[in-house]
Amino acid sequence: DAHPDVRLDDQLVELVLAAEIAGHYRSYQVLGPLRDQLKDDDPVLQALRQSMDLELERIFRLMALLVTGPALHDAYVGVRAKSTSVRANALEYLENVLKPDLRRLLLPLLDSQVTIEERIAMADQLVGAPLETVEQSIATLLASEDPWLRSCAVYAVGALHLRVLEPDLQRFAGADDPALREGVQVALQRLSAEPDSPQPAVPGGMVGVG
């Protein structure tokens, strides 16, 4: 908007958009095992859902480079609305303006009639490498470039006593981020503690799991 003279490479935008959509599907794969293990208000789940909201926002911002006009922003607001009719109108608009390949990938992520389980199944087909255990999901978050997700994953390793992931924690023991280093130390203390031993307080105000 600030530089209307800039020429965009639509193919490049579509390539980045496809990568963002694939990443969003991957997040559903991560979400699957965690939903079975953690409480709904667990900080790890909350952080993942916040990250997924940002992924969806980036997807719409990229689409706005391809579809001009304010209607796309209205569709973004619409698909997040509580009103069934508003969501339906937004989906209908997107169905009409998006290319078939993009429509096939994106609409299942926006349609409230599509369950999380169905999205995970689609992600398994689209992305591959299904995640079947909470250890696999947490390991994926530890490898994330998102510092907040990585910190939440560090916390989860200790809170859930995932000793198999201790070597992954050690990689962050000398991290530049002091909060991350502290989180690693807390998690390592939890891993070394006996199950009945008092556990250290969770940094950053996080609540415990279970």
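The values are calculated or read from the model by the stated rules, or taken from the named source; none is laboratory data. All values reported here derive from a predicted model rather than from experimental measurement. Every residue, glycine among them, receives a Cβ derived from its backbone with ideal geometry; neighbour counts consider all protein chains shown. Ligands, DNA and RNA are stripped out before the accessible areas are found, and what is left, the full protein with its side chains, is counted by its heavy atoms. Shrake-Rupley method; radii C 1.70, N 1.55, O 1.52, S 1.80 Å.
Counting Lys and Arg as +1 and Asp and Glu as -1, each charge on the Cβ, what is the dipole of the chain about the Cα centre in debye, to the nearest 20?
160
Quick one: divide the alpha-carbon radius of gyration of the range 58-155 by 2.2 N^0.38 Å and tell me what you get. Provide the component values of the computation, followed by the final result.
On the way: Rg = 16.2 Å, N = 98, 2.2 N^0.38 = 12.6 Å.
For the range 58-155, the normalised Cα radius of gyration is 1.29.
Around Glu135, with a cut-off of 14 angstrom between Cβ atoms, what is the net charge of the other residues, counting Lys and Arg +1 and Asp and Glu -1?
-3
Using the Karplus curve 6.51 cos²θ - 1.76 cosθ + 1.60 with θ = phi - 60°, what ³J(HN,Hα) values do you get for each residue of the range 128-136, in whole Hz, with x for Gly and Pro?
Values per residue, Gly and Pro as x: x, 6, x, 9, 10, 10, 5, 4, 5 Hz.
Net charge near Leu165: determine it from the other residues with C-beta under 14 Å of the C-beta of Leu165, scoring Lys and Arg +1 and Asp and Glu -1.
Residues near Leu165 contribute +1 overall.
Can you give me the distance in nm between label points at Ala129 and Asp5, each placed 7 Å from the Cα along the Cα-to-Cβ direction?
4.4
For the chain, what relative contact order do you get, as a whole percent, if you take Cα pairs closer than 8 Å and at least 6 residues apart?
Value for the chain: 23 percent.
Restricting to DSSP loop positions (anything but H, G, I, E, B) with no more than 15 other Cβ atoms inside 10 Å of their own Cβ, which trypsin sites (Lys or Arg not before Pro) remain in the range 113-174?
Values: sites: Arg119, Arg150, Arg163, Arg171; in loops: Arg171.
Here the sparse-neighbourhood loop sites are Arg171.
At a 1.4 Å probe radius, carbon and sulfur cover how many percent of the accessible area of the chain?
Result for the chain: 52 percent of the exposed heavy-atom area is carbon or sulfur.
What does the accessible area per residue of the range 43-195 come to in Å², with a 1.4 Å probe and no ligands, DNA or RNA counted? Walk me through the intermediate numbers first.
On the way: 8210 Å² over 153 residues.
Value for the range 43-195: 54 Å² per residue.
In a shell of Cβ-Cβ distance under 12 Å around Glu57, excluding Glu57 itself, what net charge do Lys and Arg (+1) and Asp and Glu (-1) give?
Combined, the nearby Lys, Arg, Asp and Glu give 0.
Step by step: find N for the range 1-119, compute 2.2 N^0.38 Å, then divide the Cα radius of gyration by it. What's the final number?
Relative to the rule-of-thumb radius for its length, the range 1-119 sits at 1.14.
The range 38-102: which trypsin sites (Lys or Arg not before Pro) are DSSP loop and have at most 16 other beta-carbon atoms within 10 angstrom?
Filter output for the range 38-102: Lys39, Arg80, Lys82.
Can you give me the orientation-averaged projected area of the convex hull built on the Cα atoms of the chain, in nm²?
With every direction weighted equally, the projected area is 13.9 nm².
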